[in-house]
Amino acid sequence: RYFLVLDDVWNENYEKWDRLKTVLIGSARGSKVIVTTRSERVASVMGTVAPHLLSGLSEDDCWQLFEKRAFGLGSCEKTPNLVGIGKEIVKKCGGVPFAAKALGSLMRFRRGESQWFAIKESEIWNLPDDENEILPALMLSYNHLPSHLKQCFAYCSIFPKGEKITSRQLVQLWIAEGFVQSSNGSASLEDVGLQYCDELLSRSLFQSGQKNTDGVVRQFKMHDLVHDLA
């Protein structure tokens, strides 16, 4: 008897699913298979029980995620006007927590009211309806990266999806490509590269993984949608 979880499935091929079912069908009574997917077609291909559709977060819950990042330590002052604009931005998240986190991290670096308003009114929100709510949020995060971080971020697409990336290994690769430049002679290129990693983490483009005893992130990974963006 088994309990099999297939996470984030995209394969829509009926024949491949039938072959898998053939292998599993002779199992002991009580065996279970759970499939998670963002594709309704995958859910229909399974052809078993009705899919359980997850609802998005409420606007209040999305606001809490956004607020924690946008108005965290060292960020802009939390004024009534910025709160009002921020809540309008949160409405565009569609209840997706990752989008709320990414946008909150982006706004952390935008200190002026005009900058917040520009994000709220960005044309990126006018993508076709078949695009999900996460893509505009990620595109905004990428578009507002400094140029030196854009090339470092794009370089990360060479790693397979879901792979854990060691920060020091990545920094050495960046240095070899000439992406890391020290603005002053006192900081080593490795230290500057690690600062780049911290910036991408703070913008929710990297996801925190293993930390050392000092609390410094040694490993991280990229969400698969962020990987697609890179």
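The values are calculated or read from the model by the stated rules, or taken from the named source; none is laboratory data. On a predicted model such as this, the values are computed, not experimentally measured, just so you know. Quick reminder, even Gly has a Cβ in these numbers, built from the backbone with ideal geometry, and neighbours come from all protein chains shown.
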Requested in this report: Would you mind stating whether LYS21 is in contact with a helix residue (DSSP H, G or I) (Cβ under 7 Å, 6 or more places away or on another chain) and either in a helix (DSSP H, G or I) or not hydroxyl-bearing (Ser, Thr, Tyr) (or both)?
Outcome: no
Query - Subset of segment 134-177 [acidic (Asp, Glu) and either assigned to a helix (DSSP H, G or I) or in the same structural domain as GLY95 (by TED's automatic domain parsing) (or both)] - result: GLU177
**Report entry** Single match in TRP116, TRP125 (criterion: touching a Lys or Arg at 6+ places or on another chain (Cβ under 7 Å) and buried (at least 18 other Cβ atoms within 10 Å of the Cβ))
**Finding:** TRP116
Query raised in the report: Is it the case that segment 72-83 has a residue that's crowded, with 18+ Cβ neighbours inside 10 Å and at pLDDT 85 or above?
Result: yes
Query raised in the report: Has segment 52-60 got any residue that is assigned to a helix (DSSP H, G or I) and either within 30 Å of SER204 (Cα to Cα) or modelled with pLDDT of 80 or more (or both)?
Result: yes
Report summary line: Here the residues within segment 1-31 that are in contact (Cβ under 8 Å) with a residue 12 or more places away in the chain and more than 26 Å from LYS161 (Cβ to Cβ) are ARG1, SER27, ALA28, ARG29, GLY30, SER31
**Report entry** Of the criteria (1) free of Cβ contacts under 8 Å to residues at least 40 places away in the same chain; (2) in contact with a helix residue (DSSP H, G or I) (Cβ under 9 Å, 6 or more places away or on another chain); (3) not in a strand (DSSP E or B), which one VAL49 fails
**Finding:** (2)
